[in-house]
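The values are calculated or read from the model by the stated rules, or taken from the named source; none is laboratory data. Keep in mind it's a predicted model, so treat the numbers as computed, not measured. Backbone-built Cβ (ideal geometry, glycine too); neighbour counts: all protein chains shown. Ligands, DNA and RNA are stripped out before the accessible areas are found, and what is left, the full protein with its side chains, is counted by its heavy atoms. Shrake-Rupley method; radii C 1.70, N 1.55, O 1.52, S 1.80 Å.
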Amino acid sequence: MMKAAVFEGPGRPLAIKDLPMPEIGDDEMLVKVRRCGICGTDIHASREGPFMAPPGTVFGHEFVGDIVEVGAAVPGGQFASGDRVTSLPFIGEKTIGLGEISGAYSEYVKVGHELVLKIPESLDDDHAALIEPLAVGLHSVKMAEGIAERDVLIIGAGPIGLACAIWSRFLGARSVVLSEMAAARLEMARTLGFTDVLDPSGDVGAQFQALTGAAPAVQLECVGAPGVLQACIDRAPAKGVIMGIGVCDHPDQIVPLTAFVKQLRIQWAVGYEKEDFQYAIDMMVAGRVDASAMITDVVGLDQVPDAFEALRSPAHQCKVLIDLTR
């Protein structure tokens, strides 16, 4: 048996329960979890709506841990018991941590060997737990197809917005400006070196123009609330790019004619590729990317129900990690 934090339904806190250990297939591996991040997607999946996870789900898809069992069909020499690893949260077409396969808010999680990456010794567990959210940001910024020397506006300074900001700066944006109303998130942005911030209660386009002397050529929308996409369309320059990264599960309205006249490119980005994970690892190991300031809280498994509920209306919290070694 193992301990896990279990989603029992909307409006109910996660429950710490004893569950059977995952049973691995021949091409899978069992990982003893060291750290797991609590993601906004998990909070989203715990609410009533089209993306709600089924009751009984164990969330957790941002994890690092040690291999403790290797399936018989895993290619010899590729992995061994004791290897410290992370993984893209998929086995075949099924997702780890969102209902289909039990996730890493637990002592053990199973992974498919094809999407597993080894963690270098120089990268500690806390940094390694940030690989997945950094990969989300990297994938999104890459899909904008041209960040270098362009003026970039990022709407929302949560973990994914901050990851997008980190990669936009890394890939040579001329200016990286964040729009965020939460004081704690603005302070986190400044801690990470982003001092150009806007107040979304005002005219964001005018503030951006006053700050940079231009309209935002690339906008990375990391909020996912109704009305935000149209605001991006309205402030975009001709041939501007808008990336939809935040998840909006409510009907929304836009004025296509405005986007049509400006010849805008509007594209959504979701997830990542294995190469995004590897690049994030390589850049952290090289000391060229450091997102560890985003970690505001590290909690034990027994503290997860309270920490999870607190993230529904975060105060100081940015990235909360679960320490499964406690």
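If only residues of the stretch 95-111 that are at pLDDT below 95 and under 18 Å from the mean Cα position of the chain (by Cα) are counted, the one that is nearest to residue 274 (Cα to Cα) is 98.
Look at residue 317 and say whether it is among the polar types (S, T, N, Q) and not in a loop (DSSP other than H, G, I, E, B). Can you show your working first?
Values: among the polar types (S, T, N, Q): yes; not in a loop (DSSP other than H, G, I, E, B): no.
So residue 317 fails the test.
Beta carbons closer than 6 Å, at least 6 apart along the sequence or on distinct chains, pair a first residue in the stretch 6-24 that is farther than 14 Å from residue 304 by Cβ with a second that is open to solvent by 80 Å² or more (accessible area, probe 1.4 Å) and modelled with pLDDT under 95 for 10/47; 10/48.
To keep it simple, each residue is scored yes or no on (1) of a type in the set (Lys, Arg); (2) over 23 Å from the mean Cα position of the chain (by Cα); (3) under 26 Å from residue 68 (Cα atoms).
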{"position": "12", "(1), (2), (3)": "yes, yes, no"}
{"position": "15", "(1), (2), (3)": "no, yes, yes"}
{"position": "23", "(1), (2), (3)": "no, yes, yes"}
{"position": "31", "(1), (2), (3)": "no, no, yes"}
{"position": "36", "(1), (2), (3)": "no, no, yes"}
{"position": "40", "(1), (2), (3)": "no, no, no"}
{"position": "44", "(1), (2), (3)": "no, no, no"}
{"position": "48", "(1), (2), (3)": "no, no, no"}
{"position": "55", "(1), (2), (3)": "no, no, no"}
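Could you say whether any residue in the stretch 115-135 is open to solvent by less than 10 Å² (accessible area, probe 1.4 Å), among the small types (Gly, Ala, Ser) and assigned to a strand (DSSP E or B)? No.
Which members of the stretch 1-37 meet the condition of being assigned to a strand (DSSP E or B) and either of a type in the set (Val, Ile, Thr) or open to solvent by 30 Å² or more (accessible area, probe 1.4 Å) (or both)? Spell out the reasoning first.
Step one: filter the stretch 1-37 for residues assigned to a strand (DSSP E or B), giving 2-6, 15-19, 28-37.
Answer for the stretch 1-37, where residues must be assigned to a strand (DSSP E or B) and either of a type in the set (Val, Ile, Thr) or open to solvent by 30 Å² or more (accessible area, probe 1.4 Å) (or both): 3, 6, 16, 17, 18, 19, 31, 32, 33, 34, 35.
Evaluating residue 185 against the criteria (1) closer than 30 Å to residue 35 by Cα; (2) open to solvent by 40 Å² or more (accessible area, probe 1.4 Å); (3) modelled with pLDDT of 95 or more; (4) of a type in the set (D, E, K, R) leaves one unmet condition, (3).
Given the criterion at pLDDT below 95 and open to solvent by 30 Å² or more (accessible area, probe 1.4 Å), identify the matching residue among 231, 286, 310, 225.
Testing whether each residue is at pLDDT below 95 and open to solvent by 30 Å² or more (accessible area, probe 1.4 Å) leaves just 225.
If you filter the stretch 51-89 down to residues that are open to solvent by less than 10 Å² (accessible area, probe 1.4 Å) and among the aromatic types (Phe, Trp, Tyr), you find that the one that is nearest to residue 22 (Cα to Cα) is 59.
Can you name the residue in the stretch 90-100 that is surrounded by fewer than 24 Cβ atoms within 10 Å (Cβ to Cβ) and in contact (Cβ under 8 Å) with a residue 24 or more places away in the chain and is also nearest to residue 281 (Cα to Cα) among such residues? Let's see the steps before the verdict.
Keep residues of the stretch 90-100 that are surrounded by fewer than 24 Cβ atoms within 10 Å (Cβ to Cβ), which gives 90-95, 98-100.
So of that shortlist, the ones also in contact (Cβ under 8 Å) with a residue 24 or more places away in the chain come out as 90-91, 95, 98-99.
Numbers: 90: 19, 91: 21, 95: 22, 98: 24, 99: 27 Å.
Taking the candidates together, the pick is 90.
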